[in-house]
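Step one of this worksheet: look at the structure below.
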Amino acid sequence: MVRRARQRYKSVTALQVTRKASARLTKNMGLKYVDVYLVDGPIHPASTSQAAKGMAECVSLGLTKTVGVANYSLDDMIQMSDELAKFGIPLATNQCEFSVLRRWPELHGLIKACRDRGIIFQSYSSLAQARLTGKYTPENPPPNNYRFGSYDMRDLVPTQDVLKEIALERGVSQASVAINYNLLKGATPTVGIRDPKHAEDLVGALGWRLTLREVERIDAVSMEGKTTVLWQHG
Ligand SMILES: NC(=O)c1ccc[n+]([C@@H]2O[C@H](COP(=O)([O-])OP(=O)(O)OC[C@H]3O[C@@H](n4cnc5c(N)ncnc54)[C@H](OP(=O)(O)O)[C@@H]3O)[C@@H](O)[C@H]2O)c1
């Protein structure tokens, strides 16, 4: 099980961050340690070397098994990886938005760089917050606060159609096709599931692979997406 402690920096030193993390883990989450401790965003007043020092302290104190980052750009990820290496600690993961509706990390070399360096590229909003599942339509759009992959549903009709066609041809759900696409592109999907059917769709994405032709069909109706100044650098 992967758990995550969000790290929100204010004007704190690396040691204070570590102590805060310690208090949060023991008090708020009732855990002695987490499996992965993520710095959830590249915008923090602490320098990368300070942040790496704090993360290394978390590992040495036994608060987390591994450490990672989220929404980091390629350059910042490499810098963090190099800083952690000074403590003998590998960067385990970089978690970024990736799906049929946001291929930016693939198209700009982030996924390849992760693979080359042994860093797990985790995708979040892998289903574009259910926009890829068939659950939402132009007549029944998702809630306004579902902000990842946030396109007008009318623009996503061709994407939905191709995913649906492949799902029917293969006898799996549309969600399973969308998740399989992430796996095939080298991402380890982090999917927000809320009921048993969602779990079945996840399982339905395993044990098979989209063909090259099927991937080409999906690529043709995919979106590149973009980065944001504030948060999504990767
Ligand atoms: N590091 C970051 O900056 C960051 C940012 C965003 C998310 N995340 C993490 O990524 C994880 C997943 O991302 P996410 O929740 O944004 O997006 P997601 O996994 O693309 O979508 C999850 C939503 O899709 C619906 N859903 C899931 N499986 C479905 C299925 N098989 N069929 C139909 N609908 C399905 C559910 O909606 P309903 O609630 O409507 O049932 C669920 O809330 C979360 O755990 C989150 O913590 C990280």
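Derivation of every value follows stated rules applied to the coordinates shown; laboratory data play no part. Note that the coordinates shown come from a computational prediction; the quantities given were computed from them, not determined experimentally. Backbone-built Cβ (ideal geometry, glycine too); neighbour counts: all protein chains shown.
Some points to look at:
- Shape category assigned to the chain from the gyration tensor of Cα positions, a/c cut at 1.5: prolate
- Residues whose amide H comes within less than 5 Å of that of THR66, counting only those at least five positions distant or on another chain, are VAL36, TYR37 (H built at 1.01 Å from N in the peptide plane).
- Calculated from backbone phi, Karplus (6.51, -1.76, 1.60) coupling profile of the stretch 195-202 in Hz, x at Gly/Pro: 8, x, 4, 4, 5, 4, 5, 5
- Trypsin sites (Lys or Arg not before Pro) restricted to DSSP loop in the stretch 164-234 with at most 14 other C-beta within 10 Å: ARG194, ARG209, LYS226
- Chymotrypsin sites (Phe, Trp or Tyr not before Pro) restricted to the stretch 104-183 and DSSP loop, no more than 15 other C-beta within 10 Å: TYR146, TYR151
- Available extension along the chain between ILE78 and GLU165 is 27.4 nm, counting 0.36 nm per residue and deducting the alpha carbon span.
- Nearest 10 degrees, 0 to 90: helix 48-60 Cα axis against the chain principal axis: 80 degrees
- Simple label model, 7 Å out from Cα along Cβ direction - ARG154 to ASN28, nm: 4.1 nm
- Full extension of the chain segment joining VAL221 with ASP195 gains 6.5 nm, where the gain is 0.36 nm per residue of separation less the Cα-Cα distance.
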